[in-house]
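Asker: Dumping the structure here so I can ask a few things about it.
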Amino acid sequence: MNLENVLRTLHPEIDVSALLNETAYNPEGVVSGDGLPVGLVRQLDEDSELMDSYERDGAAMADYDYLEWHEDVASGDAMDTMQDGTACFGSSVEKSECGYLGKSAGASILKVIHRLLDIHRDGINAPLSTSADDSSHEHMIKTINRAEEQLVVESIRGSLVDAYFRTYNTFYPVLHERTFRDQYKNFDNIPESSHFHMLLRMVAAIGSLCGSKQASSNEYCFYLSARSRLAADMLESGTVEQIQILLLMSNYLQKRDKPNTGYNMLGLAARMAIGMGLHKELVKDQDLASGKNTVRMECRRRLWWVLYLFDSGISITFGRPPIMADRVVDVKVPLNIDDTDLKPSDPVPLPSPRATPYTALIAFAKISMISSRMFERFFLRHRPISSPLEMAEYMHLVECFDKQLAQWRHELPHDFHARDCPDWFKAPRAASLWREQNIRTLMYKGMIEAIISGKLTITPPQDYIHRCLGVALSTVNSIGEYIDNNSDDLWWGITWYATYFLFQADLYLILVMIISYDRETPETRVSTNKTIQECQDAINRSHTYFTMLQASNPVSRKCIATLDQIECFFKRYKARKRGEEPPEDASQQRAPSSMPTPKTSRLSTPNSNWLQQQQEQLENEPFDACSPSSLFNTSEDIVNFTTNNQFDQTFFDSFMNDNIFSATNFYAP
């Protein structure tokens with residue numbers, strides 16, 4: 001009854017009675033050998049995930065039996081050896097042995113576009129660099145020696161450590177700054193066998209990479225030096241320092257386009273952390289205000305939540321099942337405090353209402369919990385939409401998660417929307433807001449694929465296409481505004497995220513263009529042309545932004561090449577639909593001069609002040625994402641950045657119930 005009420009509230013035009021009479025409903029309760037209702041059993045046909053993601057194309061079945069992958073990590077100092085750390089490019093799936101990529105990966109979206117526009121995936125092959133590669137043992141030794149020579153110089157070593165804490169640690173506080181710097185002061189006296197030397201080299205590698213405004217592989221020598229110190233004894237013990245090393249290695253390797261090696265490192269870190277009990281809370285609620293809640297306990301919580309959001313993020317990026325089991329996690333979310341100068345044994349200070357080094361982590365932690373559940377329901381457990389009943393179920397899920405994401409944004413503290421936020425906070429703030437937008441577009445992927453398949457017996461609600469369009473346009477505007485405002489400070493740590501989220505938004509814009517054109521009628525021609533033009537204008541602006549991003553992130557060049565080729569094939573697609581002769585040069589990349597470049601800054605265009613729009617929306621429209629008649633109630637789901645943390649286990653339990661999707665407290669009010 002609750003589901004019927006929701007459907008009638010959201011979409012009055014849907015005949016709920018007809019949905020319930022669908023054969024897929026299976027009222028007799030007949031089950032298959034797997035224990036699932038017959039009408040709900042997934043069939044291994046042309047729509048199955050495995051066949052969809054790995055078409056044989058005439059190749060031998062044995063070539064795909066194990067989806068083996070091989071990453072020459074030793075060759076990472078050559079920029080043109082990059083694979084696909086963002087899992088966005090369909091061509092690399094077939095040719096680079098990237099392992100398993102699921103339905104949430106960007107490559108899956110691109111593959112849908114390839115099919116619709118009849119693009120041969122091998123056509124996109126944009127070199128990232130012309131640098132030479134030498135992965136010989138002698139070359140590796142020279143590279144490692146170069147790192148050791150630089151680390152001997154205190155000024156170089158210190159600048160890399162400073163860059164790490166200024167950039168990366170404000171996103172993912174794997175390390176407590178005071179603790180690390182106290183160890184670092186005694187660098188010359190630390191035994192050579194200590195794992196701290198590995199940790200320092202990873203800090204140097206990430207500090208060099210994230211702080212760079214020009215693409216290079218200079219930092220790779222520090223990673224190779226750290227890698228050379230890896231030994232089997234790391235698997236024979238479990239320490240916080242080892243988890244920190246593995247986490248930094250994992251995230252570094254993904255961003256340096258060695259994703260599967262990084263994925264393995266993350267698995268080791270996760271198993272080690274669970275073995276050490278990091279997934280369990282050690283401080284009782286009644287002791288939070290006492291001296292038992294120390295900075296050391298907060299560091300423990302931060303390390304766990306960084307691990308959790310890494311696992312959640314990489315699972316969605318590559319479409320792979322997550323390692324973490326939510327139901328055994330009861331560790332509290334970190335407090336929004338500034339303990340930069342405090343010792344581990346000090347009691348925690350009072351939480352702050354303004355940005356601290358851990359503000360972004362708190363936001364990342366909560367949205368990762370939402371996105372993990374969304375990933376499970378939409379991509380791991382949910383069936384492709386092929387019937388009205390399945391569409392109704394999908395709509396139900398979308399509305400649930402949509403409200404939780406709206407609540408997440410509503411609860412963000414002042415500095416997430418303020419113009420006067422600290423400069424160091426602008427990058428992690430932007431990345432967290434872009435991530436939320438990206439998660440929203442993923443919600444609509446199933447509905448878009450159902451529309452494309454043409455198997456639905458009723459017309460799906462048009463507003464889901466409009467929602468997806470709005471979110472994608474908002475992403476382009478937000479990233480464009482950030483680039484325009486920070487054109488002289490586009491360091492690699494933020495441009496990696498800008499490139500990833502901008503390209504995915506563009507892919508959804510292309511899907512909306514194709515769907516709009518395919519469903520065009522004489523009555524909707526004007527609105528269709530307006531939608532297509534709006535999408536094309538946004539993609540044109542993206543081309544300009546990718547050009548600005550490529551200085552620090554060469555992957556942007558491949559994004560440009562991909563979008564150029566898709567535009568050419570979209571022209572062919574439109575010509576075929578009109579019965580016209582397709583352009584002969586559609587298989588060629590468009591000349592750069594043919595892409596219109598905005599003559600004015602994005603900030604001068606209408607509705608470009610994205611942050612101000614978000615703040616005005618919150619002020620003018622008090623949070624009420626659903627009508628009062630909705631069954632969802634998240635009024636108590638408040639993330640309070642200024643109060644003591646209190647985790648509510650029922651958040652996980654309630655989420656698994658199809659009729660209960662309201663999130664609960666991370667913090668006590």
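Asker: Taking neighbour Cβ counts within 10 Å as the exposure measure, how do HIS197, HIS70 sort from fewest upward?
Answerer: Values: HIS197 16, HIS70 10.
Listing HIS197, HIS70 from fewest to most nearby Cβ atoms yields HIS70, HIS197.
Asker: Sort PHE570, PHE187 so the one with the fewest other Cβ atoms within 10 Å of its own Cβ comes first.
Answerer: Values: PHE570 21, PHE187 14.
Ranked by crowding around the Cβ, least crowded first: PHE187, PHE570.
Asker: Further question: For the range 137-276, what is one quarter of the convex hull surface built on the Cα atoms, given in nm²?
Answerer: Details: hull surface 34.3 nm².
Mean projected area for the range 137-276: 8.6 nm², to one decimal.
Asker: Through the Karplus equation 6.51 cos²θ - 1.76 cosθ + 1.60, θ set to phi - 60°, convert the phi angles of the range 153-168 into ³J(HN,Hα) values in whole Hz; use x for Gly and Pro.
Answerer: Ordered by residue, 3J(HN,Hα) equals 7, 4, 5, 5, 4, x, 5, 5, 5, 4, 5, 4, 6, 6, 10, 5 Hz.
Asker: Let me ask you something else. With just the Cα atoms defining each centre, how far is the range 155-213 from the range 414-480? Give it in Å.
Answerer: A separation of 35 Å, based on Cα centres.
Asker: Still on this structure, I have one more. Can you put TRP496, TRP304, TRP491 in order of Cβ neighbours within 10 angstrom, beginning with the fewest?
Answerer: On the way: TRP496 23, TRP304 27, TRP491 19.
With the fewest neighbours first, TRP496, TRP304, TRP491 line up as TRP491, TRP496, TRP304.
Asker: Moving to a separate point now. Would you mind checking LYS213/LYS530; LYS280/LYS343; LYS103/LYS280; LYS258/LYS280; LYS185/LYS426; LYS103/LYS558 for any pair whose Cα atoms are more than 28 angstrom apart? Numbers along the way, then the final one.
Answerer: Numbers: LYS213/LYS530 37 Å; LYS280/LYS343 23 Å; LYS103/LYS280 32 Å; LYS258/LYS280 31 Å; LYS185/LYS426 30 Å; LYS103/LYS558 21 Å.
Among LYS213/LYS530; LYS280/LYS343; LYS103/LYS280; LYS258/LYS280; LYS185/LYS426; LYS103/LYS558, the Cα-Cα distance tops 28 Å for LYS213/LYS530; LYS103/LYS280; LYS258/LYS280; LYS185/LYS426.
Read-outs: derived from the displayed coordinates by stated rules, not from any lab. Computed from a prediction, not measured in an experiment: that's the story for all the values here. Don't worry about glycine lacking a Cβ; one is built from the backbone with ideal geometry, like all the others, and counts go over all protein chains shown.
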